[in-house]
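Since the structure comes first, as structure tokens, the remarks are kept for the end.
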Amino acid sequence: MDTAGTSGNYSMKWSEEHDLMLCREVLVMEPFKHQKQSRERGEIWGEIAQNLNGLSVPKFTVRTRFVRDRLTLLLRKYKEKVRNEEQGSGMKCNEETELEMALSEIIEKEQAADLERKENTNTLTKKNENHKASAEESSLKALERLGQTKERNADSCDEDIKPKSRRSTTEAVQILKEKFEDEKELRKEEMKLKKKEQENKAAQHQMQIDQ
């Protein structure tokens, strides 16, 4: 039996039963569905450790890092065993144990998850590239239309239009100025009326007091 890492009160010996329960929990929780070193993957490993520590048989006293390191060790040993058997005779010598079958399934699921993430990344990258190319093409067309419009406007303008534009601008400014003066006078009248109204109210109030 292997001894797990020790930290504080966390210390235990790993048996094949412990390893099998670990693999079963990994197959259920599937941490490999998330990117390596991601927050989501770390949270799932934490749940795996918590679930294992909640078992009464076999008894677990492990931390998140211990279960992750243990699975890494089991997978490495299993891959070495398979590689040695294939190099030796080209075929597996013995039937696989339940633990080995669980490890094999974990490897297959992890590879499938990695492949799916890679395909999704490639698809997203391709979409972004297509979107960027489409945006650039739209910008070029807009610039072309703008250039054509400016050319048409330049061809349709003559020298008589420019003085007219200046006169129109001057007239508009004068109109706005007169409007501003009118509004200014109107506000003055309103202020006078309000002041007079307030004086009348004060006078009436004083009369009531005097009576």
**Request:** Express in Å², to the nearest 10, the accessible area of Val28 obtained by rolling a 1.4 Å probe over the protein heavy atoms while all chains stay in place.
**Result:** 110 Å²
**Asked** For His205, what accessible area in Å² do you get when you roll a 1.4 Å probe over the heavy atoms of the protein chains, rounding to the nearest 10?
**Response** 110 Å²
**Sulfur and carbon atoms: percent of accessible area, the stretch 33-108 [1.4 Å]** = 47 percent
**Request:** Please work out how much accessible surface Lys184 shows to a 1.4 Å probe, ignoring ligands, DNA and RNA, in Å² rounded to 10.
**Result:** 80 Å²
**Request:** Quick one: what are the phi-derived ³J(HN,Hα) couplings along the stretch 194-202, Karplus 6.51/-1.76/1.60 with θ = phi - 60°, whole Hz, x for glycine and proline?
**Result:** 5, 5, 5, 5, 5, 5, 5, 5, 5
**Request:** May I ask you to list the aspartates and glutamates whose Cα is less than 17 Å away from that of Lys179, ignoring any residue fewer than eight positions away on the same chain?
**Result:** Glu171, Glu189, Glu190
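Over the stretch 21-120, what is the relative contact order in percent, taking alpha-carbon pairs closer than 8 angstrom and at least six residues apart?
Relative CO of the stretch 21-120 lands at 33 percent.
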**Item:** Ranking by accessible area, most exposed first, for Asp114, Asp210 with a 1.4 Å probe
**Value:** Asp210, Asp114
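The values are calculated or read from the model by the stated rules, or taken from the named source; none is laboratory data. As the structure is a computational prediction, the values presented were derived from the model and not from experiment. Surface areas here come from the heavy atoms of the whole protein model, side chains and all, with no ligands, DNA or RNA. Shrake-Rupley method; radii C 1.70, N 1.55, O 1.52, S 1.80 Å.
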